[in-house]
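Take a look at the structure set out below.
The values are calculated or read from the model by the stated rules, or taken from the named source; none is laboratory data. Keep in mind the model is a prediction, meaning the values are calculated, not measured. Ligands, DNA and RNA are excluded from the accessible area calculation, which covers all protein heavy atoms including side chains. Shrake-Rupley method; radii C 1.70, N 1.55, O 1.52, S 1.80 Å.
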Amino acid sequence: MQPLEILETAVKALDLKKGQNIRAIKVDDLTVIADYFVMATASSSTQVRALAEEVEYQLDLKNQPVHHIEGRGSSWILLDYSSVIVHVFYREARDYYGLDQTWSDATPVDIESFLSSAKESRG
């Protein structure tokens with residue numbers, strides 16, 4: 001899969017499970033570790049796991065296995081798909097680690113069309 005296809009699938013999976021404050025940024029000009037980061041917030045540790053599992057499930061369906069996972073059972077789970085890294089945070093962990101601020105120089109990716117709420121609001 002191409003990086004943007006991975007990003008789209010991840011965003012849709014996060015949205016499906018009611019992830020909050022979903023954001024994607026293009027980081028390939030700033031680092032060699034990935035092309036994109038996707039970040040989402042969960043309202044509980046149970047939802048952190050559910051969001052990460054849904055991303056993994058949806059990408060597995062498309063024959064895109066996760067390369068590496070960090071933080072299972074914690075307030076921050078990282079799913080590494082090489083070109084796309086998905087960060088799922090419990091609300092306090094996202095604030096504490098401040099990735100949004102750390103990567104503020106990255107280019108935001110417009111994910112509005114991937115979100116079901118955007119489609120519903122357009123009617």
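Table for the structure above
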item: For segment 1-59, accessible area per residue (1.4 Å probe, heavy atoms of protein chains only), Å²; result: 45 Å²
item: Residue-averaged 222 nm ellipticity for the chain, from DSSP H runs of 4+ at -39500 (n - 2.57), nearest 500; result: -11500 deg cm²/dmol
item: Segment 17-26 - phi-based ³J(HN,Hα) in whole Hz, Karplus 6.51/-1.76/1.60, Gly and Pro as x; result: 9, 6, x, 10, 6, 6, 9, 10, 9, 8
item: ³J(HN,Hα) computed for each position of segment 84-93 - Karplus, 6.51 cos²θ - 1.76 cosθ + 1.60, integer Hz, glycine/proline x; result: 10, 10, 9, 10, 10, 10, 6, 3, 5, 5
item: q = 0.18 Å⁻¹, segment 11-97: log10 I(q)/I(0) [Debye, one scatterer per Cα]; result: -0.71
item: Alpha carbon centroid spacing (whole Å) that separates segment 1-66 from segment 84-114; result: 10 Å
item: In Hz, Karplus ³J(HN,Hα) per residue of segment 42-49 (6.51, -1.76, 1.60; θ = phi - 60°; x = Gly, Pro); result: 10, 8, 7, 5, 5, 5, 4, 5
